[in-house]
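Working notes, beginning with the structure itself.
The values are calculated or read from the model by the stated rules, or taken from the named source; none is laboratory data. Worth saying up front: this structure is predicted, and the values here are computed from it rather than measured. So basically every Cβ, Gly included, is an ideal-geometry build from the backbone, and we count neighbours across all protein chains shown.
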């Protein structure tokens, strides 16, 4: 082990390391023997001694008119590093308290009937973990298109939602939901409110506390799933604002 390099890693410069090691070997000493042992200029030795004294590594005493220097125990280095660690720990705790992480955002695309069912399963599990256990759905696309696209997976979807006691709230335009409102109302824990026909558009938006999905059922099933609590919170706020204004 290169002890001098280790001392330098602990914060001592080369001159300070040379002087400290010379003092350890010499014991209590005047400056002269240290100057000779290190081959440093007298002023450099005194500067190093003063720096080492400030670190607690050297003691300086006066006997009559003669100044003596003595190396303190190397354990002082351990104490110094522990002190630094304590300071770093306290500082990191304060910094973490004010540290703002970048909101996580995950986007993926799913397609086809299997992709659609995978998306629904993800939403049911996410809703099950939310405080209100609620799926919010903003229709635009025909609900008939939703049921047709889901096909035989519809039964599995309903059973899974029932198992986790998921509540469903649907906002849909009048000219679309009339066709399927009876089917939707037969599912457990459902609520439906009607929007004006002008809200008709080809998208279907699904929302829960941690994610949203934007869904197209024609000409082919395409799902854009966005996992983000920040984005979801914004959609929930808008959905609830509309919901609460409707009778």
Would the stretch 15-27 turn up any residue that is surrounded by fewer than 17 Cβ atoms within 10 Å (Cβ to Cβ) and over 20 Å from residue 4 (Cα atoms)?
no
Within the stretch 184-226, the count of residues that are loosely packed, with under 14 Cβ neighbours inside 10 Å and assigned to a helix (DSSP H, G or I) comes to 4
Only one of (1) under 45 Å from the mean Cα position of the chain (by Cα); (2) at pLDDT 85 or above does not apply to residue 27, and that is (1)
Given the conditions (1) assigned to a helix (DSSP H, G or I); (2) under 46 Å from the mean Cα position of the chain (by Cα), every one holds for residue 73 apart from (1)
Counted residues in the stretch 85-140 being at pLDDT below 90, part of a loop (DSSP other than H, G, I, E, B) and farther than 15 Å from residue 206 by Cα come to 7
